[in-house]
Amino acid sequence: MHYFVDGYNVVYCSDLFSAGTVRVRREKLLRFIEEKKPQGSARNRVTVVFDGRPGAAAFFPHGAVQVVFSCGHDADKVLKDRVDALSNPREAVMVTNDKAIQRWVRARGVHVMSCAQFLSAGMTGGSRRISRTLDSESVRSINEELRKIWKLK
């Protein structure tokens, strides 16, 4: 499996990473992934995408964790581009609380984990629960979009 992590979405959803500068918070997340292995097996790859640029002093030698900065785009676009480039999206997991990204990647066959599920997996030894169903807010939003489409026809 290949895990794609919406970096700042995870950083800002938990008190685990609340202290320090933005750079320190990023480092805490990367260390958490390396040490706690919320992605489960060491064979699973992890790509963490952050908005912006790394800055001149930032260097991330994080072994199995690939770190990507969006550099001129938003992280959402980079995550979507990465998903589009996959040969088998069913072997990918998107970690984010962003409902729009969750809907978008699910439509392409990518599994979804909330930030809380991902962090919880790290606290319980890497067991993972992948959400294969839509939450009630997503169902409501999709139904509303369909109603608008149907009214146009």
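Things worth noting here:
- Residue match in region 68-78 (condition: over 17 Å from the mean Cα position of the chain (by Cα), in a loop (DSSP other than H, G, I, E, B) and loosely packed, with under 15 Cβ neighbours inside 10 Å): yes
- Residues of region 103-122 that turn out to be under 9 Å from the mean Cα position of the chain (by Cα) and either surrounded by fewer than 18 Cβ atoms within 10 Å (Cβ to Cβ) or under 14 Å from residue 75 (Cα atoms) (or both), as a count: 0
- For region 79-92, filtered to residues that are surrounded by 15 or more Cβ atoms within 10 Å (Cβ to Cβ) and not in a helix (DSSP H, G or I), the residue that is nearest to the chain's Cα centre (by Cα) is 92.
- Hey, residue 3 in a helix (DSSP H, G or I), under 30 Å from residue 143 (Cα atoms) and within 12 Å of the chain's Cα centre (by Cα) or not: no
- The residue list 61, 89 contains one member that is of a type outside the set (Gly, Ala, Ser), modelled with pLDDT under 70 and more than 13 Å from residue 6 (Cβ to Cβ), which is 61.
- Residues satisfying the stated conditions in region 33-42, i.e. surrounded by fewer than 21 Cβ atoms within 10 Å (Cβ to Cβ) and part of a helix (DSSP H, G or I): 34, 35, 36
- Qualifying positions in region 93-147 - in contact with a Lys or Arg (Cβ under 7 Å, 6 or more places away or on another chain), modelled with pLDDT of 75 or more and part of a loop (DSSP other than H, G, I, E, B): 109
- With respect to (1) over 16 Å from the mean Cα position of the chain (by Cα); (2) under 20 Å from residue 77 (Cβ atoms), the lone exception for residue 12 is condition (1).
- Qualifying residue in region 13-22 (condition: part of a loop (DSSP other than H, G, I, E, B), in contact (Cβ under 8 Å) with a residue 12 or more places away in the chain and not aliphatic (A, V, I, L, M)): yes
The values are calculated or read from the model by the stated rules, or taken from the named source; none is laboratory data. Everything quoted here is computed from the prediction, not taken from an experiment. Cβ: placed from backbone, ideal geometry, glycine included. Neighbour counts: every protein chain shown.
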